[in-house]
Amino acid sequence: MTNKDLADLIFPNLEHDVDYYESLYPERELKEGEKVTRFAPSPTGYMHIGNFMSALVDYSIAKSSNGIFFLRNEDTDKAREVSDAVDKIMETLYKYGMIPDEYEYKGEIVGNYGPYIQSERKEIYEAYAKSLVKQGLAYPCFCTPEELDEIRAKQEAAKIKPGYYGVWAKYRTLPVEQAVEKIKNGEKYIIRFKSMGREDRRIKHKDSIKGNIEFPENDQDIVIIKADGLPTYHFAHAVDDHLMRVTQVIRGDEWVSSLPLHLELFRALGFKPPKYAHTATIMKDENGSKRKISKRKDPEAAVSYYHEEGIPADAVVEYLLNIANSTFEPWRRANPNKPVEEFDLQLNKMSVSGAVFDMVKLLDVSKNVISKYTAEKIYEETLKWAEKYNQEFAKLLKENKDYSIKVLNIERGKAKPRKDIAKWSDVENTIEYMYNDIFENMNDYEFQKINDEAEIKDILNSYIEKHFNISDDKETWFNKMKDLAEEKGYAREVKEYKANPEAYKGHVGDISTVIRVALTTRHNTPDLYEIMQVLGKEEVEKRIQDFIG
Ligand code: GLU
(Lines give C-alpha, C1' and ligand atoms only; values in the text may rest on other atoms or scores of the structure.)
Protein backbone atom coordinates (compact mmCIF):
# COMPACT_ATOMS: atom_id res chain seq x y z
CA MET A 1 0.00 0.00 0.00
CA THR A 2 1.16 3.48 -0.87
CA ASN A 3 0.42 7.06 0.05
CA LYS A 4 -1.65 7.19 -3.12
CA ASP A 5 -3.97 4.49 -1.77
CA LEU A 6 -4.28 6.46 1.45
CA ALA A 7 -5.01 9.67 -0.45
CA ASP A 8 -7.66 7.91 -2.56
CA LEU A 9 -9.26 6.46 0.52
CA ILE A 10 -9.44 9.83 2.29
CA PHE A 11 -10.62 11.78 -0.77
CA PRO A 12 -12.39 9.19 -2.92
CA ASN A 13 -14.58 11.11 -5.28
CA LEU A 14 -12.87 14.35 -6.17
CA GLU A 15 -13.94 15.56 -9.55
CA HIS A 16 -10.77 17.52 -10.21
CA ASP A 17 -7.09 17.40 -9.39
CA VAL A 18 -4.66 20.23 -8.74
CA ASP A 19 -3.61 20.48 -12.39
CA TYR A 20 -7.18 21.26 -13.28
CA TYR A 21 -7.30 24.15 -10.79
CA GLU A 22 -3.91 25.44 -11.85
CA SER A 23 -5.17 25.86 -15.40
CA LEU A 24 -8.62 27.05 -14.36
CA TYR A 25 -7.03 29.94 -12.46
CA PRO A 26 -4.09 30.98 -14.62
CA GLU A 27 -1.60 33.70 -13.76
CA ARG A 28 -3.25 37.08 -14.18
CA GLU A 29 -2.19 39.24 -17.06
CA LEU A 30 -0.64 42.05 -15.12
CA LYS A 31 1.45 44.90 -16.41
CA GLU A 32 4.70 45.77 -14.70
CA GLY A 33 4.02 47.02 -11.18
CA GLU A 34 0.31 46.17 -11.06
CA LYS A 35 -0.58 44.60 -7.74
CA VAL A 36 -3.27 42.17 -6.69
CA THR A 37 -4.49 42.54 -3.11
CA ARG A 38 -7.37 41.12 -1.18
CA PHE A 39 -9.43 41.94 1.87
CA ALA A 40 -10.17 38.66 3.61
CA PRO A 41 -12.37 39.25 6.64
CA SER A 42 -13.93 36.55 8.74
CA PRO A 43 -17.68 37.16 8.94
CA THR A 44 -17.87 37.54 12.70
CA GLY A 45 -20.14 40.57 12.61
CA TYR A 46 -17.75 43.14 13.91
CA MET A 47 -15.33 45.21 11.94
CA HIS A 48 -12.36 46.39 13.93
CA ILE A 49 -10.59 49.57 12.92
CA GLY A 50 -7.46 47.43 12.35
CA ASN A 51 -9.26 45.26 9.77
CA PHE A 52 -10.63 48.38 8.20
CA MET A 53 -7.15 49.84 7.99
CA SER A 54 -5.96 46.63 6.26
CA ALA A 55 -8.78 46.93 3.74
CA LEU A 56 -7.89 50.54 3.08
CA VAL A 57 -4.23 49.70 2.56
CA ASP A 58 -5.21 46.79 0.28
CA TYR A 59 -7.44 49.07 -1.70
CA SER A 60 -4.91 51.89 -1.96
CA ILE A 61 -2.06 49.60 -3.00
CA ALA A 62 -4.17 47.96 -5.70
CA LYS A 63 -5.68 51.19 -7.02
CA SER A 64 -2.54 53.28 -7.09
CA SER A 65 -0.81 50.50 -9.06
CA ASN A 66 -3.77 50.09 -11.40
CA GLY A 67 -4.13 46.53 -10.12
CA ILE A 68 -6.92 44.42 -8.62
CA PHE A 69 -8.52 44.57 -5.19
CA PHE A 70 -10.86 41.73 -4.30
CA LEU A 71 -12.92 40.54 -1.37
CA ARG A 72 -12.72 37.01 -0.01
CA ASN A 73 -15.06 35.81 2.66
CA GLU A 74 -13.13 33.63 5.13
CA ASP A 75 -16.00 31.72 6.65
CA THR A 76 -14.31 28.50 7.72
CA ASP A 77 -14.93 29.08 11.41
CA LYS A 78 -18.60 28.20 11.39
CA ALA A 79 -18.93 28.55 15.16
CA ARG A 80 -18.04 32.24 15.10
CA GLU A 81 -20.03 33.17 12.02
CA VAL A 82 -22.71 35.88 12.28
CA SER A 83 -25.50 35.80 9.74
CA ASP A 84 -25.55 39.40 8.49
CA ALA A 85 -21.82 39.98 8.77
CA VAL A 86 -21.25 39.79 5.03
CA ASP A 87 -23.95 42.42 4.42
CA LYS A 88 -22.21 44.68 6.88
CA ILE A 89 -18.84 44.14 5.22
CA MET A 90 -20.24 44.94 1.78
CA GLU A 91 -22.11 47.94 3.12
CA THR A 92 -18.95 49.24 4.75
CA LEU A 93 -16.79 48.77 1.66
CA TYR A 94 -19.36 50.62 -0.46
CA LYS A 95 -19.87 53.34 2.11
CA TYR A 96 -16.16 54.02 2.22
CA GLY A 97 -15.75 53.83 -1.53
CA MET A 98 -13.53 50.74 -1.42
CA ILE A 99 -15.44 48.81 -4.01
CA PRO A 100 -13.83 45.44 -4.77
CA ASP A 101 -13.12 44.51 -8.38
CA GLU A 102 -13.95 40.89 -7.63
CA TYR A 103 -16.29 39.49 -5.00
CA GLU A 104 -19.18 37.16 -4.40
CA TYR A 105 -22.37 38.47 -2.95
CA LYS A 106 -25.93 37.17 -2.78
CA GLY A 107 -25.20 34.36 -5.20
CA GLU A 108 -23.48 36.52 -7.77
CA ILE A 109 -19.80 35.97 -8.53
CA VAL A 110 -17.90 38.85 -10.07
CA GLY A 111 -14.41 37.88 -11.28
CA ASN A 112 -12.74 34.79 -12.75
CA TYR A 113 -11.03 33.55 -9.62
CA GLY A 114 -14.04 32.57 -7.54
CA PRO A 115 -15.81 31.24 -5.65
CA TYR A 116 -14.76 33.98 -3.27
CA ILE A 117 -16.35 32.35 -0.25
CA GLN A 118 -14.11 29.79 1.40
CA SER A 119 -16.86 27.37 2.41
CA GLU A 120 -17.67 27.05 -1.31
CA ARG A 121 -14.09 26.09 -2.11
CA LYS A 122 -14.05 22.85 -0.15
CA GLU A 123 -13.27 20.64 -3.15
CA ILE A 124 -10.38 22.86 -4.12
CA TYR A 125 -8.77 22.51 -0.69
CA GLU A 126 -9.40 18.79 -0.82
CA ALA A 127 -7.62 18.45 -4.14
CA TYR A 128 -4.53 20.14 -2.70
CA ALA A 129 -4.67 18.22 0.57
CA LYS A 130 -4.99 15.01 -1.42
CA SER A 131 -1.96 15.91 -3.45
CA LEU A 132 0.03 16.49 -0.26
CA VAL A 133 -1.08 13.15 1.23
CA LYS A 134 -0.13 11.43 -2.01
CA GLN A 135 3.35 12.88 -1.78
CA GLY A 136 3.69 11.95 1.88
CA LEU A 137 3.62 15.63 2.85
CA ALA A 138 0.42 15.36 4.86
CA TYR A 139 -1.18 12.60 6.87
CA PRO A 140 -4.25 11.68 8.85
CA CYS A 141 -3.95 12.19 12.58
CA PHE A 142 -6.20 10.14 14.85
CA CYS A 143 -5.41 11.86 18.13
CA THR A 144 -8.37 12.26 20.43
CA PRO A 145 -8.70 15.49 22.47
CA GLU A 146 -7.60 13.45 25.53
CA GLU A 147 -4.45 12.30 23.76
CA LEU A 148 -3.64 15.88 22.77
CA ASP A 149 -4.16 16.96 26.41
CA GLU A 150 -1.82 14.25 27.51
CA ILE A 151 0.89 15.35 25.10
CA ARG A 152 0.51 18.94 26.29
CA ALA A 153 0.73 17.91 29.95
CA LYS A 154 3.91 15.94 29.33
CA GLN A 155 5.48 18.84 27.46
CA GLU A 156 4.54 21.21 30.25
CA ALA A 157 5.99 18.94 32.91
CA ALA A 158 9.21 18.60 30.93
CA LYS A 159 9.21 22.38 30.27
CA ILE A 160 9.59 21.98 26.53
CA LYS A 161 7.94 23.70 23.63
CA PRO A 162 4.28 22.75 23.31
CA GLY A 163 2.74 21.52 20.10
CA TYR A 164 2.42 18.65 17.69
CA TYR A 165 5.84 18.17 16.19
CA GLY A 166 8.79 15.81 15.89
CA VAL A 167 8.59 12.90 18.30
CA TRP A 168 5.39 14.27 19.78
CA ALA A 169 3.64 13.95 16.45
CA LYS A 170 2.22 10.59 17.23
CA TYR A 171 0.74 9.69 13.85
CA ARG A 172 3.41 11.24 11.68
CA THR A 173 5.13 7.94 11.15
CA LEU A 174 2.15 5.64 11.27
CA PRO A 175 2.53 3.07 8.48
CA VAL A 176 0.07 3.56 5.63
CA GLU A 177 -1.48 0.12 6.20
CA GLN A 178 -2.39 1.03 9.77
CA ALA A 179 -3.78 4.42 8.78
CA VAL A 180 -5.92 2.75 6.12
CA GLU A 181 -7.18 0.24 8.64
CA LYS A 182 -8.10 2.90 11.16
CA ILE A 183 -10.01 4.86 8.55
CA LYS A 184 -11.83 1.73 7.40
CA ASN A 185 -12.73 1.09 11.05
CA GLY A 186 -14.40 4.49 11.14
CA GLU A 187 -11.92 6.17 13.47
CA LYS A 188 -12.11 9.96 13.45
CA TYR A 189 -9.21 11.95 12.05
CA ILE A 190 -8.03 15.26 10.75
CA ILE A 191 -5.31 15.99 8.18
CA ARG A 192 -1.98 17.39 9.30
CA PHE A 193 0.87 18.86 7.35
CA LYS A 194 4.13 16.93 7.70
CA SER A 195 6.66 19.63 8.45
CA MET A 196 10.24 19.17 7.29
CA GLY A 197 11.39 22.21 9.22
CA ARG A 198 13.81 22.29 12.11
CA GLU A 199 13.71 24.67 14.99
CA ASP A 200 17.49 25.04 15.06
CA ARG A 201 17.56 26.41 11.54
CA ARG A 202 16.51 29.97 10.74
CA ILE A 203 14.75 31.53 7.81
CA LYS A 204 15.12 35.09 6.60
CA HIS A 205 12.35 37.05 5.05
CA LYS A 206 11.78 40.57 3.81
CA ASP A 207 8.45 41.95 4.93
CA SER A 208 7.11 44.87 2.91
CA ILE A 209 6.55 46.89 6.09
CA LYS A 210 8.91 45.45 8.66
CA GLY A 211 11.86 44.93 6.36
CA ASN A 212 14.23 42.04 7.07
CA ILE A 213 12.99 39.61 9.67
CA GLU A 214 14.32 36.27 10.84
CA PHE A 215 12.65 33.31 12.51
CA PRO A 216 13.34 29.72 13.45
CA GLU A 217 11.86 27.38 10.84
CA ASN A 218 8.44 25.93 11.45
CA ASP A 219 8.47 22.40 12.76
CA GLN A 220 4.82 22.01 13.77
CA ASP A 221 2.64 19.50 11.98
CA ILE A 222 -0.28 21.89 11.86
CA VAL A 223 -3.80 20.86 10.99
CA ILE A 224 -4.69 21.63 7.38
CA ILE A 225 -8.14 20.02 7.18
CA LYS A 226 -10.29 20.12 10.31
CA ALA A 227 -12.75 17.53 11.56
CA ASP A 228 -15.60 19.38 9.82
CA GLY A 229 -13.79 18.94 6.49
CA LEU A 230 -12.99 22.64 6.16
CA PRO A 231 -9.44 23.97 5.95
CA THR A 232 -7.65 25.92 8.66
CA TYR A 233 -6.70 29.54 7.99
CA HIS A 234 -3.13 28.53 7.19
CA PHE A 235 -4.02 26.05 4.49
CA ALA A 236 -6.78 28.14 2.95
CA HIS A 237 -4.45 31.15 2.90
CA ALA A 238 -1.83 29.24 0.90
CA VAL A 239 -4.28 27.68 -1.55
CA ASP A 240 -6.41 30.77 -2.06
CA ASP A 241 -3.76 33.42 -2.28
CA HIS A 242 -1.93 31.22 -4.76
CA LEU A 243 -4.93 30.36 -6.94
CA MET A 244 -6.36 33.85 -6.78
CA ARG A 245 -2.96 35.06 -7.85
CA VAL A 246 -2.46 37.58 -5.08
CA THR A 247 0.83 39.44 -5.37
CA GLN A 248 0.78 41.33 -2.07
CA VAL A 249 -0.75 40.00 1.13
CA ILE A 250 -1.48 42.73 3.66
CA ARG A 251 -2.64 41.50 7.03
CA GLY A 252 -2.41 42.17 10.74
CA ASP A 253 0.70 41.72 12.82
CA GLU A 254 -0.86 38.78 14.63
CA TRP A 255 -0.03 36.62 11.59
CA VAL A 256 3.65 37.41 11.35
CA SER A 257 4.63 34.55 13.66
CA SER A 258 2.90 32.12 11.28
CA LEU A 259 5.06 33.27 8.40
CA PRO A 260 7.64 30.42 8.64
CA LEU A 261 4.77 27.96 8.48
CA HIS A 262 3.16 29.73 5.54
CA LEU A 263 6.40 29.89 3.61
CA GLU A 264 6.91 26.18 4.22
CA LEU A 265 3.37 25.39 3.09
CA PHE A 266 3.86 27.38 -0.10
CA ARG A 267 7.05 25.45 -0.80
CA ALA A 268 5.47 22.06 -0.11
CA LEU A 269 2.57 22.93 -2.37
CA GLY A 270 4.91 24.09 -5.13
CA PHE A 271 3.63 27.66 -5.03
CA LYS A 272 5.57 30.88 -5.33
CA PRO A 273 4.79 32.86 -2.17
CA PRO A 274 3.33 36.36 -2.45
CA LYS A 275 4.91 39.40 -0.85
CA TYR A 276 3.79 39.94 2.70
CA ALA A 277 3.08 43.14 4.60
CA HIS A 278 2.24 42.84 8.26
CA THR A 279 0.52 45.95 9.56
CA ALA A 280 1.19 47.04 13.12
CA THR A 281 -1.76 47.18 15.48
CA ILE A 282 -3.30 50.61 15.87
CA MET A 283 -2.42 52.07 19.26
CA LYS A 284 -4.01 54.46 21.72
CA ASP A 285 -2.22 56.92 23.87
CA GLU A 286 -3.28 56.53 27.48
CA ASN A 287 -1.74 59.07 29.83
CA GLY A 288 1.42 59.20 27.78
CA SER A 289 1.90 55.48 27.27
CA LYS A 290 0.96 53.48 24.19
CA ARG A 291 -1.36 50.51 24.33
CA LYS A 292 -3.27 48.54 21.71
CA ILE A 293 -6.61 50.00 20.73
CA SER A 294 -9.16 47.80 22.43
CA LYS A 295 -12.61 46.63 21.49
CA ARG A 296 -13.59 46.72 25.14
CA LYS A 297 -12.20 50.11 26.17
CA ASP A 298 -12.36 52.21 23.01
CA PRO A 299 -15.64 52.73 21.19
CA GLU A 300 -13.69 53.96 18.15
CA ALA A 301 -12.18 50.46 17.75
CA ALA A 302 -15.40 49.44 15.98
CA VAL A 303 -16.03 50.82 12.52
CA SER A 304 -19.75 51.04 13.34
CA TYR A 305 -18.89 53.82 15.80
CA TYR A 306 -18.08 56.17 12.94
CA HIS A 307 -21.46 55.58 11.30
CA GLU A 308 -23.24 56.08 14.60
CA GLU A 309 -21.45 59.35 15.31
CA GLY A 310 -21.94 60.49 11.74
CA ILE A 311 -18.31 61.02 10.88
CA PRO A 312 -18.26 61.17 7.09
CA ALA A 313 -16.61 58.24 5.35
CA ASP A 314 -14.16 60.38 3.42
CA ALA A 315 -12.96 61.98 6.65
CA VAL A 316 -12.27 58.57 8.19
CA VAL A 317 -10.41 57.51 5.05
CA GLU A 318 -8.37 60.72 4.96
CA TYR A 319 -7.45 60.33 8.59
CA LEU A 320 -6.45 56.69 8.30
CA LEU A 321 -4.30 57.41 5.25
CA ASN A 322 -2.74 60.10 7.39
CA ILE A 323 -1.70 57.63 10.03
CA ALA A 324 -0.76 55.01 7.42
CA ASN A 325 1.76 57.29 5.71
CA SER A 326 2.96 60.59 7.12
CA THR A 327 3.50 61.71 3.52
CA PHE A 328 -0.26 61.82 3.02
CA GLU A 329 -0.66 65.17 4.77
CA PRO A 330 1.79 67.11 2.58
CA TRP A 331 0.37 65.33 -0.49
CA ARG A 332 -3.12 66.44 0.47
CA ARG A 333 -1.99 70.01 1.05
CA ALA A 334 -0.42 70.08 -2.41
CA ASN A 335 -3.42 68.34 -4.01
CA PRO A 336 -6.49 69.52 -2.11
CA ASN A 337 -8.99 68.16 -4.61
CA LYS A 338 -7.45 64.94 -5.93
CA PRO A 339 -9.21 61.64 -5.21
CA VAL A 340 -7.43 59.58 -2.54
CA GLU A 341 -6.93 56.76 -5.07
CA GLU A 342 -4.18 58.85 -6.62
CA PHE A 343 -2.14 58.90 -3.43
CA ASP A 344 0.76 56.52 -3.80
CA LEU A 345 0.74 54.71 -0.47
CA GLN A 346 4.11 53.20 0.41
CA LEU A 347 4.13 50.07 2.53
CA ASN A 348 7.72 50.61 3.59
CA LYS A 349 6.76 53.96 5.09
CA MET A 350 4.15 52.48 7.39
CA SER A 351 4.79 52.44 11.10
CA VAL A 352 6.45 49.30 12.41
CA SER A 353 5.62 49.97 16.03
CA GLY A 354 1.98 50.95 15.54
CA ALA A 355 0.50 54.31 14.66
CA VAL A 356 -1.38 56.09 17.42
CA PHE A 357 -5.04 56.75 16.86
CA ASP A 358 -5.96 60.28 17.86
CA MET A 359 -9.66 61.10 17.96
CA VAL A 360 -9.03 64.85 18.22
CA LYS A 361 -6.99 64.75 15.04
CA LEU A 362 -9.63 62.70 13.26
CA LEU A 363 -12.29 65.24 14.20
CA ASP A 364 -10.04 68.02 12.95
CA VAL A 365 -9.61 66.25 9.64
CA SER A 366 -13.35 65.75 9.55
CA LYS A 367 -14.04 69.46 10.19
CA ASN A 368 -11.84 70.28 7.25
CA VAL A 369 -13.51 67.74 5.00
CA ILE A 370 -16.99 68.96 5.96
CA SER A 371 -16.00 72.60 5.53
CA LYS A 372 -15.62 71.91 1.80
CA TYR A 373 -19.11 70.42 1.43
CA THR A 374 -22.01 72.46 0.13
CA ALA A 375 -24.91 73.26 2.46
CA GLU A 376 -27.11 70.95 0.35
CA LYS A 377 -24.73 68.04 0.82
CA ILE A 378 -24.51 68.66 4.56
CA TYR A 379 -28.28 68.80 4.71
CA GLU A 380 -28.63 65.48 2.85
CA GLU A 381 -25.96 63.69 4.86
CA THR A 382 -27.23 64.99 8.19
CA LEU A 383 -30.76 63.97 7.28
CA LYS A 384 -29.61 60.49 6.28
CA TRP A 385 -27.78 60.15 9.58
CA ALA A 386 -30.64 61.63 11.63
CA GLU A 387 -33.22 59.31 10.06
CA LYS A 388 -31.31 56.49 11.68
CA TYR A 389 -30.07 58.00 14.91
CA ASN A 390 -32.16 61.10 15.75
CA GLN A 391 -35.64 60.90 14.28
CA GLU A 392 -36.91 64.05 15.92
CA PHE A 393 -34.16 66.10 14.36
CA ALA A 394 -34.77 64.38 11.03
CA LYS A 395 -38.38 65.50 11.20
CA LEU A 396 -37.34 69.08 11.87
CA LEU A 397 -34.93 69.02 8.94
CA LYS A 398 -37.52 67.58 6.60
CA GLU A 399 -40.19 70.07 7.60
CA ASN A 400 -37.78 72.98 7.10
CA LYS A 401 -35.68 71.91 4.17
CA ASP A 402 -35.03 75.23 2.45
CA TYR A 403 -34.62 77.11 5.69
CA SER A 404 -32.21 74.47 7.03
CA ILE A 405 -30.07 74.69 3.92
CA LYS A 406 -29.95 78.48 4.37
CA VAL A 407 -28.89 77.99 7.98
CA LEU A 408 -26.20 75.51 7.00
CA ASN A 409 -25.02 77.88 4.32
CA ILE A 410 -24.03 80.52 6.86
CA GLU A 411 -20.29 81.12 6.43
CA ARG A 412 -20.00 78.45 3.81
CA GLY A 413 -18.74 78.42 0.23
CA LYS A 414 -16.23 81.14 1.10
CA ALA A 415 -12.46 81.29 1.19
CA LYS A 416 -12.61 80.62 4.92
CA PRO A 417 -15.64 78.39 5.47
CA ARG A 418 -16.90 77.58 8.94
CA LYS A 419 -15.26 74.59 10.56
CA ASP A 420 -17.50 73.95 13.51
CA ILE A 421 -19.00 70.66 12.33
CA ALA A 422 -16.97 67.47 12.75
CA LYS A 423 -19.79 64.94 12.56
CA TRP A 424 -23.45 64.81 11.69
CA SER A 425 -24.31 64.30 15.34
CA ASP A 426 -22.89 67.82 15.97
CA VAL A 427 -25.25 69.54 13.58
CA GLU A 428 -28.29 69.74 15.81
CA ASN A 429 -26.39 71.44 18.57
CA THR A 430 -24.69 73.84 16.14
CA ILE A 431 -27.88 75.11 14.54
CA GLU A 432 -30.77 74.40 16.89
CA TYR A 433 -31.17 78.03 18.03
CA MET A 434 -32.08 78.95 14.46
CA TYR A 435 -35.40 77.11 14.83
CA ASN A 436 -37.99 79.21 16.64
CA ASP A 437 -39.73 76.35 18.40
CA ILE A 438 -36.48 75.13 19.85
CA PHE A 439 -35.15 78.59 20.61
CA GLU A 440 -38.23 79.38 22.69
CA ASN A 441 -37.27 76.69 25.13
CA MET A 442 -33.61 77.63 25.36
CA ASN A 443 -32.76 79.76 28.35
CA ASP A 444 -29.15 79.16 29.16
CA TYR A 445 -27.83 82.52 27.93
CA GLU A 446 -24.06 82.55 27.76
CA PHE A 447 -23.42 86.24 28.45
CA GLN A 448 -19.78 87.10 28.80
CA LYS A 449 -18.15 90.30 29.94
CA ILE A 450 -21.37 92.28 30.00
CA ASN A 451 -23.71 90.34 32.24
CA ASP A 452 -25.60 92.92 34.20
CA GLU A 453 -29.23 92.52 33.22
CA ALA A 454 -30.07 96.22 33.20
CA GLU A 455 -27.10 97.02 31.01
CA ILE A 456 -27.91 94.17 28.64
CA LYS A 457 -31.46 95.37 28.27
CA ASP A 458 -30.31 98.91 27.70
CA ILE A 459 -27.93 97.83 24.93
CA LEU A 460 -30.57 95.67 23.26
CA ASN A 461 -33.12 98.41 23.51
CA SER A 462 -30.88 100.99 21.86
CA TYR A 463 -29.90 98.54 19.19
CA ILE A 464 -33.41 97.68 18.18
CA GLU A 465 -34.69 101.26 18.45
CA LYS A 466 -31.88 103.08 16.71
CA HIS A 467 -29.52 100.84 14.80
CA PHE A 468 -31.11 97.65 13.55
CA ASN A 469 -32.09 97.59 9.89
CA ILE A 470 -32.32 94.21 8.17
CA SER A 471 -31.54 95.81 4.79
CA ASP A 472 -28.12 97.07 5.82
CA ASP A 473 -25.14 95.59 4.07
CA LYS A 474 -22.50 94.03 6.24
CA GLU A 475 -20.27 97.07 6.46
CA THR A 476 -23.10 99.41 7.43
CA TRP A 477 -24.31 96.83 9.91
CA PHE A 478 -20.91 96.67 11.52
CA ASN A 479 -20.46 100.43 11.59
CA LYS A 480 -23.74 100.69 13.44
CA MET A 481 -22.52 98.15 15.94
CA LYS A 482 -19.51 100.41 16.48
CA ASP A 483 -21.76 103.45 16.87
CA LEU A 484 -23.70 101.58 19.53
CA ALA A 485 -20.47 100.65 21.29
CA GLU A 486 -19.31 104.26 21.34
CA GLU A 487 -22.66 105.46 22.65
CA LYS A 488 -22.44 103.10 25.58
CA GLY A 489 -18.83 103.92 26.48
CA TYR A 490 -17.12 101.03 24.68
CA ALA A 491 -14.28 101.34 22.17
CA ARG A 492 -15.18 101.14 18.46
CA GLU A 493 -12.17 98.94 17.80
CA VAL A 494 -10.49 96.24 19.85
CA LYS A 495 -7.07 97.81 19.34
CA GLU A 496 -8.27 101.21 20.58
CA TYR A 497 -9.40 99.50 23.70
CA LYS A 498 -6.15 97.58 24.11
CA ALA A 499 -4.11 100.75 23.70
CA ASN A 500 -6.08 102.55 26.37
CA PRO A 501 -8.14 100.16 28.48
CA GLU A 502 -8.79 102.71 31.24
CA ALA A 503 -10.71 104.92 28.86
CA TYR A 504 -13.43 102.40 28.01
CA LYS A 505 -15.84 99.94 29.61
CA GLY A 506 -14.85 97.43 26.95
CA HIS A 507 -14.96 97.20 23.17
CA VAL A 508 -17.30 96.60 20.25
CA GLY A 509 -16.87 92.82 20.60
CA ASP A 510 -18.44 92.95 24.05
CA ILE A 511 -21.42 94.79 22.62
CA SER A 512 -21.91 92.45 19.68
CA THR A 513 -21.65 89.50 22.07
CA VAL A 514 -24.67 90.81 23.95
CA ILE A 515 -26.68 90.84 20.74
CA ARG A 516 -25.33 87.47 19.66
CA VAL A 517 -26.24 85.84 22.96
CA ALA A 518 -29.68 87.43 23.05
CA LEU A 519 -30.39 86.09 19.57
CA THR A 520 -28.91 82.62 19.94
CA THR A 521 -28.16 82.06 23.67
CA ARG A 522 -24.60 81.23 22.53
CA HIS A 523 -21.50 83.37 22.71
CA ASN A 524 -19.79 81.31 20.06
CA THR A 525 -21.63 81.15 16.72
CA PRO A 526 -20.87 81.65 13.06
CA ASP A 527 -21.15 85.11 11.56
CA LEU A 528 -23.76 87.17 13.41
CA TYR A 529 -24.65 89.31 10.42
CA GLU A 530 -25.50 86.20 8.38
CA ILE A 531 -27.43 84.72 11.28
CA MET A 532 -29.58 87.85 11.46
CA GLN A 533 -30.14 87.75 7.71
CA VAL A 534 -31.36 84.18 7.88
CA LEU A 535 -33.54 84.79 10.96
CA GLY A 536 -35.12 87.79 9.25
CA LYS A 537 -36.36 91.13 10.58
CA GLU A 538 -39.37 89.92 12.51
CA GLU A 539 -37.62 87.10 14.27
CA VAL A 540 -34.66 89.28 15.26
CA GLU A 541 -37.02 91.87 16.68
CA LYS A 542 -39.13 89.27 18.41
CA ARG A 543 -36.17 87.56 20.06
CA ILE A 544 -34.77 90.86 21.33
CA GLN A 545 -38.13 92.16 22.47
CA ASP A 546 -38.92 88.91 24.23
CA PHE A 547 -35.61 89.11 26.00
CA ILE A 548 -36.19 92.68 27.15
CA GLY A 549 -39.72 91.79 28.21
N1 GLU B 1 -9.54 36.00 7.94
C2 GLU B 1 -8.29 36.50 8.43
C3 GLU B 1 -8.56 37.54 9.50
O4 GLU B 1 -9.62 38.13 9.49
C5 GLU B 1 -7.54 37.12 7.30
C6 GLU B 1 -6.13 37.43 7.54
C7 GLU B 1 -5.49 37.72 6.19
O8 GLU B 1 -5.74 38.82 5.67
O9 GLU B 1 -4.83 36.86 5.66
O10 GLU B 1 -7.75 37.73 10.36
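Which residues, taken from the stretch 1-52, are more than 16 Å from the ligand (Cβ to nearest atom), outside any loop (DSSP other than H, G, I, E, B) and open to solvent by 60 Å² or more (accessible area, probe 1.4 Å)? K4, D5, D19, Y20, S23, L24 - these are the residues of the stretch 1-52 that are more than 16 Å from the ligand (Cβ to nearest atom), outside any loop (DSSP other than H, G, I, E, B) and open to solvent by 60 Å² or more (accessible area, probe 1.4 Å). For beta carbons closer than 8 Å, sequence separation of 6+ or different chains, a first residue in the stretch 339-364 that is in contact (Cβ under 8 Å) with a residue 24 or more places away in the chain and open to solvent by 40 Å² or more (accessible area, probe 1.4 Å) and a second that is of a type in the set (S, T, N, Q) and not in a helix (DSSP H, G or I), the qualifying pairs are E342/N335; N348/S208; K349/N325; K349/S326; K349/T327. The single condition among (1) open to solvent by 30 Å² or more (accessible area, probe 1.4 Å); (2) within 16 Å of the ligand (Cβ to nearest atom) that G252 does not meet is (1).
Going by the structure shown, is E102 closer than 23 Å to A313 by Cβ, open to solvent by less than 50 Å² (accessible area, probe 1.4 Å), touching a strand residue (DSSP E or B) at 6+ places or on another chain (Cβ under 8 Å) and charged (D, E, K, R)? It is true that E102 is closer than 23 Å to A313 by Cβ, open to solvent by less than 50 Å² (accessible area, probe 1.4 Å), touching a strand residue (DSSP E or B) at 6+ places or on another chain (Cβ under 8 Å) and charged (D, E, K, R).
How many residues does the stretch 172-202 hold that are open to solvent by less than 30 Å² (accessible area, probe 1.4 Å) and either aromatic (F, W, Y) or within 38 Å of the chain's Cα centre (by Cα) (or both)?
5
Residues in the stretch 108-163 that are surrounded by 13 or more Cβ atoms within 10 Å (Cβ to Cβ), in a helix (DSSP H, G or I) and among the aliphatic types (A, V, I, L, M): I124, A127, A129, L132, V133, L148, I151.
The lone criterion from (1) basic (K, R); (2) modelled with pLDDT of 95 or more; (3) farther than 30 Å from L174 by Cα; (4) away from the ligand (no atom under 14 Å from the Cβ) left unmet by K134 is number (3). Only a single criterion out of (1) in a strand (DSSP E or B); (2) buried (at least 19 other Cβ atoms within 10 Å of the Cβ); (3) more than 16 Å from the ligand (Cβ to nearest atom) is not satisfied by K63, namely (1). Taking the criterion of being among the basic types (K, R) and farther than 14 Å from Q220 by Cβ, the residues of the stretch 118-175 that qualify are R121, K122, K130, K134, K154, K159. Set side by side, the residues A268, A315 differ, and just one is under 24 Å from the mean Cα position of the chain (by Cα), away from the ligand (no atom under 14 Å from the Cβ), in a helix (DSSP H, G or I) and of a type in the set (A, V, I, L, M), which is A315.
The values are calculated or read from the model by the stated rules, or taken from the named source; none is laboratory data. In this text, all values refer to a predicted model and were calculated from it rather than measured experimentally. Note that each Cβ is placed from the backbone with ideal geometry, even for glycine, and that neighbours are counted across all protein chains shown. Side chains included, ligands, DNA and RNA excluded: accessible areas come from the protein's heavy atoms. Shrake-Rupley method; radii C 1.70, N 1.55, O 1.52, S 1.80 Å.
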